[in-house]
Amino acid sequence: MSLLTFNNVYRSFGAQVVLDGASFAIHRGNRVGLIGRNGVGKSTLLRLITGKERPERGQVILQPRIRIGEVEQDPVFDEDLTVYQSVLEGRPDLVRMERELRGLEQLLGDPAADHGAALEAYGSLQHEFDRLGGYEFHGKASAVLGGLGLMPDTHDRPVRVLSGGQKTRLALARLLLSDPDLLLLDEPTNHLDLEATEWLQGFLQRTQATLLVVSHDRYLLDAVCNRIVEIENCRAESYEGNYAAFHLQKAERVERAEEVYERQQQQVQKLESYIRRYKEGNRARQAKSRENALARMEIVDRRRNPKTIRLHMGHAERSGRDVVRASDVCKRFGELSLFRDLNLVVERGERIGVVGPNGAGKTTLIKMILGREEPSSGTLTVGTNVHIGYFSQDFQSLEGNRTVVEEIMSDTDLDIPAARSMLARFLFTDEEVFKTVGDLSGGERNRVALCKLLLQRPNFLLLDEPTNHLDIATREGLVAALGEFDGTILVASHDRYLLDRVTGRTLEVSDGSARLYPGSYSEYRRARAAAETPPTPQPARPAAPGRNGASGGPAKRTARPAPAKPIKAAAPEAAPKKAPSLPRLEKQIQELENRMKSLSTRMNDPELYKSPDMMDVVDEYDRVRQRLDSLYEEWTALAG
């Protein structure tokens, strides 16, 4: 039985039809990538699933009592809660049960209380808490926060002090923790740097949840999805496999559809020719029969691929050999050092990708090359005959009160016909060229900015997140154009596909330093992985066994201790001699407690959350904790 079924759904907004006969189903365990060009109706489809909109015709059928999880565009938080408290709201049932367990533990410590009833209630509640994953809950919460870049030093901060990007990541963390039946993710990598994107990708690969992911990230769709649903021409077409498989299957479908169209057109032409030739005379009856057959024929529409932007960068004027030279460059803002002792030479024709966490200084470096920021120390010079074309991720070059055609004409000598012809290459036609820039979507503004960039005829491209807001087809067009460009490129991006296809060296800006690696992004990641070794566990001092264990959990905010076990009443007489098996139990407990401390040390290290081993460490911690709980109960029974 499917979790979700779209049955011949129709939805329009005024004269604009968004979905017409859209049909598909999502079964439990599916990992569906929802793709399509900007504006085709992907967000409308998500709103139909959540009930925020209703179809005009057709049905959206959800399995009864299905729990849907989504990140809203403007997530709502209690601003006074801490980051850690807020993420726990993803599982209010476990928070409530944990609070009740603590209350029962206090009751069990009260000599005047009815221990029998309390023990029975505690045992039942503890069993349910364990069944629902309560003992893994805190470790998973910390792992999700850390993986999304919200490290332990942020966990005690109130939500109100977070940036907009951090709040989006917190909302995503809360969603991932909530364990819904159907997980809806709309552009989940927005506001994530590359490390967090790769962590999220790994998490989604491991989760057992059913997924519907809207994304323009080809690498994410390839790694996570086992089905693709494409919205095109108001219909929804399903393809088995990931994005790469979809790409091949769609090409085959288009080829087959073209063959069907051509065969039918040949048949139509033959029928029409026969009708014209014999509609009068001895064969008029046969001609009439063919005319009726032609009228009953369902004519196949020719399948045409939607228009794509046509980007041709053209020949770049030759610059000097050294395009940019940085010597011992440092950049500080007060006590904050973005990077220090940067030495870099960008030579003519080179293509360098700039990567690093959000806020590490990538955009600042670009602005220093532009001359809009000065180094705190050191020298940075731009070479001779270098003409810079700058793409700003916040579209600083655009004026919101101009029309699109006015914006294109503002820095050029183009007349209106020439400007409109240029804009048509970027999919602005008819009345669209008279839209105000401030009223455009992010993807439309991106296309205007790219059009202006092309008109500047630069020989050095400085690009800051140039694929933001672009759908896959437009990204591929941009990547192809950059691949043909014969000038110099320095691009800061979170788009792994672009970095792998375009760049030949990678500059990592992180932790107050900048380091240059040979090769594309994937080669840089392999070099980093080879150089990284997990931290050596520190030996822990043995501790006597106790109800909660010596470690008490990984750290104050990395994981919370499980509810304590009930306290057995002490015998009135002298304690009996130890059972023969107690020394063996105590040795096992001590070894596991030491292992818990080692794992806690690793879970307190922010570098863990950048590592592919992260979930293995969290899983081992949970297994060790469960085994310790079992041994504590056995030890208490024997020692009691």
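Quick check: anything in segment 303-318 of a type in the set (D, E, K, R), in contact with a Phe, Trp or Tyr (Cβ under 7 Å, 6 or more places away or on another chain) and modelled with pLDDT of 85 or more? No: segment 303-318 contains no residue that is of a type in the set (D, E, K, R), in contact with a Phe, Trp or Tyr (Cβ under 7 Å, 6 or more places away or on another chain) and modelled with pLDDT of 85 or more.
The listed residues are 507, 499, and the only one of them that is surrounded by 22 or more Cβ atoms within 10 Å (Cβ to Cβ), at pLDDT 85 or above and outside any strand (DSSP E or B) turns out to be 499. What pairs come out if I take residues in segment 103-128 that are under 17 Å from residue 93 (Cα atoms) and pair them with residues that are part of a loop (DSSP other than H, G, I, E, B) whose C-beta lies under 6 Å away, six or more apart or interchain? As it stands, the answer is 122/566, since those pairs meet every condition given.
Among residues of segment 190-213 that are more than 12 Å from residue 224 (Cα to Cα) and in contact (Cβ under 8 Å) with a residue 60 or more places away in the chain, those with a Cβ under 7 angstrom from a residue that is small (Gly, Ala, Ser) and surrounded by fewer than 18 Cβ atoms within 10 Å (Cβ to Cβ), sequence gap 6+ or separate chain, pair up as 191/165. The set of residues in segment 1-54 being of a type in the set (Lys, Arg) and either within 16 Å of residue 184 (Cα to Cα) or at pLDDT 90 or above (or both) consists of 11, 28, 31, 42, 47, 52, 54. Here residue 143 qualifies as under 30 Å from residue 192 (Cα atoms) and of a type in the set (A, V, I, L, M, F, W, C).
Name every residue in segment 405-434 that is acidic (Asp, Glu), on the phi < 0 side of the Ramachandran plot and under 36 Å from the mean Cα position of the chain (by Cα), in order of residue number. Correct list: 406, 407, 431, 432. Within segment 285-307, being of a type in the set (A, V, I, L, M, F, W, C) and either surrounded by 13 or more Cβ atoms within 10 Å (Cβ to Cβ) or within 30 Å of residue 478 (Cα to Cα) (or both) holds for 287, 294, 300. Being touching a Ser or Thr at 6+ places or on another chain (Cβ under 9 Å), among the acidic types (Asp, Glu) and surrounded by fewer than 22 Cβ atoms within 10 Å (Cβ to Cβ) holds for only one residue in 444, 431, 484, 465, and it is 465. Is one or more of the residues making up segment 323-330 open to solvent by less than 30 Å² (accessible area, probe 1.4 Å), out of contact with any Phe, Trp or Tyr (no Cβ under 6 Å at 6 or more places or on another chain), among the small types (Gly, Ala, Ser) and closer than 23 Å to residue 514 by Cβ? Checked segment 323-330: at least one residue is open to solvent by less than 30 Å² (accessible area, probe 1.4 Å), out of contact with any Phe, Trp or Tyr (no Cβ under 6 Å at 6 or more places or on another chain), among the small types (Gly, Ala, Ser) and closer than 23 Å to residue 514 by Cβ. Considering only residues that are more than 22 Å from residue 620 (Cα to Cα) and open to solvent by 50 Å² or more (accessible area, probe 1.4 Å), look in segment 117-143 and name the one that is modelled with the lowest pLDDT. The selected residue is 117. Selection of first residues in segment 374-401 that are modelled with pLDDT under 95 and of second residues that are open to solvent by 60 Å² or more (accessible area, probe 1.4 Å) and in a loop (DSSP other than H, G, I, E, B), restricted to Cβ pairs under 6 Å at least 6 apart or on distinct chains, gives the following pairs, ordered by first then second residue: 389/456. Counting residues in segment 75-83 that are closer than 30 Å to residue 242 by Cβ, under 21 Å from the mean Cα position of the chain (by Cα) and in contact (Cβ under 8 Å) with a residue 40 or more places away in the chain gives one or more. With the condition kept exactly as written, say whether any residue in segment 386-399 is in contact with a strand residue (DSSP E or B) (Cβ under 7 Å, 6 or more places away or on another chain), within 28 Å of residue 516 (Cβ to Cβ) and among the β-branched types (Val, Ile, Thr). The answer is yes; a qualifying residue exists.
Where strands (runs of 3 or more DSSP E) sit wholly within segment 1-101, those with at least 3 residues that are open to solvent by 40 Å² or more (accessible area, probe 1.4 Å) and out of contact with any Asp or Glu (no Cβ under 6 Å at 6 or more places or on another chain) occupy 2-13, 16-27, 57-62. Within segment 243-266, the residues that satisfy the criterion of being of a type in the set (S, T, N, Q) and surrounded by 13 or more Cβ atoms within 10 Å (Cβ to Cβ) are 249, 264, 265.
If the condition is being hydrophobic (A, V, I, L, M, F, W, C) and touching a residue at least 40 places away in the same chain (Cβ under 8 Å), then segment 247-289 contributes 254, 257, 260. Taken together, the residues in segment 220-241 that are surrounded by fewer than 21 Cβ atoms within 10 Å (Cβ to Cβ) and more than 21 Å from residue 9 (Cβ to Cβ) amount to 5. Candidates are the residues of segment 348-373 that are aliphatic (A, V, I, L, M) and either within 15 Å of residue 462 (Cβ to Cβ) or without any contact (Cβ under 8 Å) to a residue 12 or more places away in the chain (or both); the one that is surrounded by the fewest Cβ atoms within 10 Å (Cβ to Cβ) is 370. For segment 333-343, a tally of residues being part of a strand (DSSP E or B), at pLDDT below 90 and either of a type in the set (A, V, I, L, M, F, W, C) or surrounded by fewer than 16 Cβ atoms within 10 Å (Cβ to Cβ) (or both) returns 7. The lone criterion from (1) in contact with a Phe, Trp or Tyr (Cβ under 9 Å, 6 or more places away or on another chain); (2) open to solvent by 20 Å² or more (accessible area, probe 1.4 Å) left unmet by residue 164 is number (1).
The values are calculated or read from the model by the stated rules, or taken from the named source; none is laboratory data. Source: prediction; values computed, not measured. As a convention, Cβ positions derive from the backbone with ideal geometry for all residues, glycine included, and neighbour counts pool all protein chains shown. Surface areas here come from the heavy atoms of the whole protein model, side chains and all, with no ligands, DNA or RNA. Shrake-Rupley method; radii C 1.70, N 1.55, O 1.52, S 1.80 Å.
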